[in-house]
Amino acid sequence: MVFDKVVEIIAEQLGLDSTEDITPQTSLMKDLEADSLDAVEIIMALEDEFGVEIPDEEAEKFKNIGDIASYIEENK
Amino acid sequence: MDFAGKTAIVTGGSRGIGKAIALKLAQLGANIAVNYTSKPEEAEKVVTAIKEMGRDAIAIKADVSNGEDVQQLIDEVERHFPTIDILVNNAGITRDTLLMRMKEEDWDQVIAINLKGTYNCTKAVTRKMMKQKSGKIVNIASIVGVMGNIGQSNYAASKAGIIGFTKSVAKELATRGINVNAVAPGFIQTDMTEVLSEEVKESLMTHIPMKQLGTPDDVANVVAFLCSENARYITGQVLNVDGGMVM
């Protein structure tokens with residue numbers, strides 16, 4: 001499932017020990033304390049993994065991880 | 001300073017200041033990717049000298065102004081070496097002439113190699129350095145980028161551009177353990193300054209408090225310092241190596 005893979009990549013990029021508390025509503029920056037560089041790295045890793053392009057103006061609209069997974073789902 | 005096991009890429013590393021930097025970093029323990037564009041035999045000489053010191057080195061041809069070339073350069077470095085710890089953006093050219101006589105291509109070529117080349121190479125190593133959470137990037141600017149110079153509006157613009165680029169990228173990457181600094185050489189004895197007339201050299205001397213040209217080693221020593229852990233807390237700076245020309 002796309003969402004699970006997205007969570008896996010985010011956890012890898014951020015070096016999270018556990019992904020148990022991550023839901024589609026989890027915010028990268030607010031909840032996982034990612035900074036703007038982390039966000040860019042995550043987006044780039046997701047682009048590589050799924051072979052999609054995520055333009056900056058789309059990335060800016062993402063409020064939570066669910067939004068990211070939906071975008072990839074719709075565009076891959 | 002100890003760079004044992006570190007990998008450094010030096011663009012324009014076959015001659016002049018770049019060669020001195022490659023040899024200096026190797027002397028301090030680093031393995032070196034020597035980038036060049038036009039003179040493979042010169043690059044091979046540098047590689048041989050580095051290997052004689054017991055380090056690993058490869059010569060890689062790439063035009064730094066070309067994004068694809070740069071990606072191939074970085075890919076080859078990654079195939080050959082486990083990490084990329086140091087990038088020295090040194091490749092540069094001059095196309096000196098008064099603005100009135102400067103052709104568009106004189107402007108474009110200098111900006112493409114000096115400034116865009118620095119962007120291309122820095123961008124290409126950034127992701128890896130971010131993953132490593134460490135890296136040292138040193139951009140070779142010029143004192144001319146700080147004070148301007150007759151006949152060098154293109155070169156000065158490219159070097160001033162490098163300074164602004166250095167400061168911006170330093171801010172972007174500061175939280176990732178990546179130091180980005182610039183060194184601004186004054187007048188250094190190289191092929192690039194060799195072509196200056198005696199008259200020009202004479203007039204330069206009046207502006208150099210130390211009354212002598214610098215050597216490529218003078219620059220290489222400062223680059224090595226900025227690449228070392230001694231400069232751990234320094235980022236976004238421009239260090240002038242110019243015998244006191246600009247204070």
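Values quoted throughout were computed directly from the atomic coordinates according to the rules given, and no laboratory measurement underlies them. Keep in mind the model is a prediction, meaning the values are calculated, not measured. So basically every Cβ, Gly included, is an ideal-geometry build from the backbone, and we count neighbours across all protein chains shown.
Brief remarks on what is shown
- CD proxy at 222 nm, helix term only [per DSSP H run n ≥ 4: -39500 (n - 2.57); per residue of the protein assembly as shown; nearest 500]: -14500 deg cm²/dmol
- Summing Cβ point charges (Lys, Arg +1; Asp, Glu -1) relative to the Cα centre of chain A gives a dipole of roughly 220 debye.
- Angle between chain B longest axis and helix B:67-80 axis [Cα atoms, degrees, rounded to 10]: 40 degrees
- Here is the P(r) of the protein assembly as shown: all C-alpha pair distances, binned every 20 Å from 0, give 30, 50, 18, 1 in whole percents.
- Listed peptides B:111-123, A:19-31, B:64-76 by packing density, highest first (mean Cβ within 10 Å): B:111-123, B:64-76, A:19-31
- Taking the C-alpha atoms only, the angle from helix B:153-173 to the longest principal axis of chain B is near 30 degrees.
- The equivalent ellipsoid that matches the C-alpha gyration tensor of chain B spans semi-axes of 27, 19, 19 angstrom, in descending order.
- Scalar couplings 3J(HN,Hα) for the stretch B:181-192, obtained by applying the Karplus form with A = 6.51, B = -1.76, C = 1.60 to θ = phi - 60°, are 9, 10, 10, 10, x, x, 8, 10, 6, 8, 4, 5 Hz; x denotes Gly and Pro.
- Excluding same-chain neighbours fewer than eight residues apart, the aspartates and glutamates reachable from B:K45 by a Cα-Cα span under 16 Å are B:D56.
- If R0 is taken as 35 Å, the Cβ-Cβ distance between B:K201 and B:D2 corresponds to a FRET efficiency of 0.40.
- Amide H contacts under 5 Å for B:A57, placed H, 5+ residues apart: B:I32
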